[in-house]
Amino acid sequence: MSDATEQPFKLSIPDSELDLLRRKLDLARLPDELDEAGWEYGVPLADIRRLLARWKDSFDWRKAEAAMNEFPQFTRNIEVDGFGTLNIHYIHQKSTVENAVPLLFVHGWPGHFLEVRKMLPLLTTVSPVHPSFHVVALSLPGYGFSEAPKKKGFAGDQYAEVANKLMLALGYREYVVQGGDWGSLIARTLAARYGGKSVKAWHTNFPLGHPPKFTSHPRLFLSHLFSPYSAAEQSGLARTLQFRAKGAAYFQEQSTQPQTIGYSLADSPIGLLGWIYEKLVQWTDSYPWEDDEVLEWVSIYWFSRAGPTASVRIYFETTQGAKFYWGLILPGVPSRAGFPSSPKSISLFPEHGHAHSAMSCSSRNTRVGDTLQRMRFPMNSSGLFAKCLLRADPRMVLCKVRAVMRERRIVDNVLFDLWEFVLMQKIRSDSCSNNGLLVDWRTGGPVIA
């Protein structure tokens with residue numbers, strides 16, 4: 001399963017790599033910028049100029065490196081079925097509490113193992129009000145200082161296999177897992193594959209929901225259909241659509257042509273800086289990023305073992321047909337669902353979808369239903385409710401939906417006629433005729449005011 005020998009790890013980037021980075025920064029050629037462009041066109045030129053000057057002339061990588069080396073870091077060989085052996089890097093910070101809970105921390109993109117840095121003292125300390133944890137924060141394969149796979153097809157199951165085998169190799173037969181971004185999807189996969197054995201609980205700051213389906217939950221489907229969105233929910237949907245329209249192009253590029261963007265990320269430190277800095281600023285709740293913190297973050301990608309291109313291939317592998325566990329509630333995994341309120345999340349979805357995601361198992365597990373907790377807004381970063389928003393005349397869409405539903409015998413004609421009548425009564429035709437506004441398909445009101 002894995003190499004029994006754990007090797008201590010100390011980060012020490014060769015001077016030759018630091019010299020190469022400085023030379024590339026010296027040769028950087030920046031684009032021009034339109035007057036008063038701000039963030040509308042992307043990262044402002046002034047920000048990149050400031051960060052470039054700091055990175056080139058005064059940023060102290062050795063100081064950052066020494067601070068990172070204060071954490072207990074290790075590497076270990078993990079054998080992955082069909083992909084050979086990968087050398088995996090991780091932090092392993094034990095609590096002083098003997099029976100502390102083993103916690104696996106899984107990052108995403110553009111994150112890395114240092115995401116856990118500021119939480120480690122809180123998680124591992126002795127406290128009378130919360131449990132203590134033995135924390136394992138791995139660098140995912142292809143990230144940070146872990147080896148990257150060399151073959152195609154390394155997707156969710158493989159990332160989960162690496163993580164689970166690492167925890168078992170460390171002696172943790174049972175553990176809990178936290179994941180954000182891609183780490184959330186990997187945590188879901190861990191819970192689905194190993195929930196009956198090793199994974200005792202999973203937590204995510206990236207919950208995913210979807211509208212209820214008529215075939216599986218007709219009551220919730222009809223409730224969702226005929227219940228108008230609140231003003232807050234419409235505002236949240238507007239924010240979601242704004243992100244999909246203005247901030248999600250990176251996902252399409254990395255999901256379809258990762259090698260193409262990879263040439264820029266691997267060869268140009270300024271290209272890498274701009275690509276990641278945009279996300280650090282846009283995806284955080286007004287977090288006061290210091291320049292050195294940004295440069296340390298990006299430098300880890302620049303100096304990463306496999307290079308920054310390896311980190312974006314996860315998008316291709318996990319969106320091009322590989323099985324992934326997208327739901328909030330997993331088959332056979334008892335769950336308690338609660339949703340944090342975060343109005344600044346890049347995507348915000350209506351309550352119905354998350355209630356459905358959690359309630360979907362309550363009929364099979366009354367304990368889950370009894371403990372279900374719902375809050376107004378979930379924290380999320382994926383647009384799954386776009387299908388509820390129409391840019392066309394809803395009458396045309398209804399005709400298409402009618403044909404599909406009748407063809408698949410999803411609902412009889414009488415029920416569909418009733419649905420159509422109520423729906424059309426709620427749609428204001430002047431809101432969606434010729435102006436191209438995005439329209440709430442049930443209330444008829446424009447999503448973006």
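The values are calculated or read from the model by the stated rules, or taken from the named source; none is laboratory data. Keep in mind that this is a model prediction, so the values were computed, not measured. Here Cβ is always computed from backbone atoms with ideal geometry, including for glycine, and neighbour counts include all displayed protein chains.
Summary of values
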read-out	value
Evaluation of ALA67 against (1) assigned to a helix (DSSP H, G or I); (2) assigned by TED's automatic domain parsing to the domain that holds ALA266 (one fails), failing number	(2)
Any hit, the range 102-111, residues being over 26 Å from GLN282 (Cβ atoms) and surrounded by fewer than 18 Cβ atoms within 10 Å (Cβ to Cβ)	no
Candidates ALA192, ALA160, ALA232, filtered to the one that is small (Gly, Ala, Ser), outside any loop (DSSP other than H, G, I, E, B) and touching a helix residue (DSSP H, G or I) at 6+ places or on another chain (Cβ under 6 Å)	ALA160
So VAL294, is it crowded, with 21+ Cβ neighbours inside 10 Å, touching a residue at least 24 places away in the same chain (Cβ under 8 Å) and either assigned by TED's automatic domain parsing to the domain that holds ARG54 or not hydrophobic (A, V, I, L, M, F, W, C) (or both)	no
Within the range 246-320, helices (runs of 4 or more DSSP H) holding 1 or more residues that are within 15 Å of the chain's Cα centre (by Cα) and closer than 30 Å to LYS10 by Cβ	269-282, 308-319
Strands (runs of 3 or more DSSP E) contained in the range 81-156 and holding at least 2 residues farther than 30 Å from GLU317 by Cα	133-138
Of all residues in the range 1-50 being polar (S, T, N, Q) and not in a loop (DSSP other than H, G, I, E, B), the one that is surrounded by the most Cβ atoms within 10 Å (Cβ to Cβ)	SER2
Count of the range 127-167 residues which are touching a strand residue (DSSP E or B) at 6+ places or on another chain (Cβ under 8 Å), closer than 28 Å to GLU98 by Cβ and of a type outside the set (Val, Ile, Thr)	12
Some residue of the range 204-226 being among the hydrophobic types (A, V, I, L, M, F, W, C), crowded, with 17+ Cβ neighbours inside 10 Å, over 15 Å from the mean Cα position of the chain (by Cα) and under 30 Å from LYS279 (Cα atoms)	no
